[in-house]
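Undergrad: Okay, here's the structure, questions in a sec.
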Amino acid sequence: MISSDHLGKLVVIRWIDAKEIEYGWHSVEKIKETPCPTILSVGWVAQITDNEIKISADIPTDKEDDEAGRSQTIPIGCVEDVQILEGWDCWNK
C-alpha cells in the first residue's frame, strides 16, 4: 500500500482517526454507538517509517527552501488507502 514510491508525491490518504465522546458520563450504549471517523488528508509525503507516514500540505516551490507547513504524522496502522495525485511531484525530499 505505502512504499518509497510515495516519497515527494502529492497524495490523498484515507485513514481512521480516534474519536473522544464529549466530556462527562455516558451510557454503555452511547459508547458502543460512537464510530471512529474516516479522515481524508492531502499533502506531499516527507517520510515513511515502519509506523508512520508524514505529510505536509504546504511546500515551497524553491528546491533550496527546506521548510514546509501544515504537517502531520499519521499512524500506518490507521491508513486505509493512499492515492497519488499525478502531476504534482515537485517536492524532492
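Computed from the coordinates by the stated procedures, all read-outs in this text should not be read as laboratory data. Please read all numbers here as calculations on a predicted model, not as lab measurements. Cβ: placed from backbone, ideal geometry, glycine included. Neighbour counts: every protein chain shown.
Undergrad: Of all residues in the range 13-53, count the ones that are out of contact with any Ser or Thr (no Cβ under 8 Å at 6 or more places or on another chain), of a type in the set (Lys, Arg) and closer than 20 Å to residue 78 by Cβ.
TA: The total comes to 0.
Undergrad: Moving on to the next point. Does the range 49-70 contain any residue that is crowded, with 16+ Cβ neighbours inside 10 Å and small (Gly, Ala, Ser)?
TA: yes
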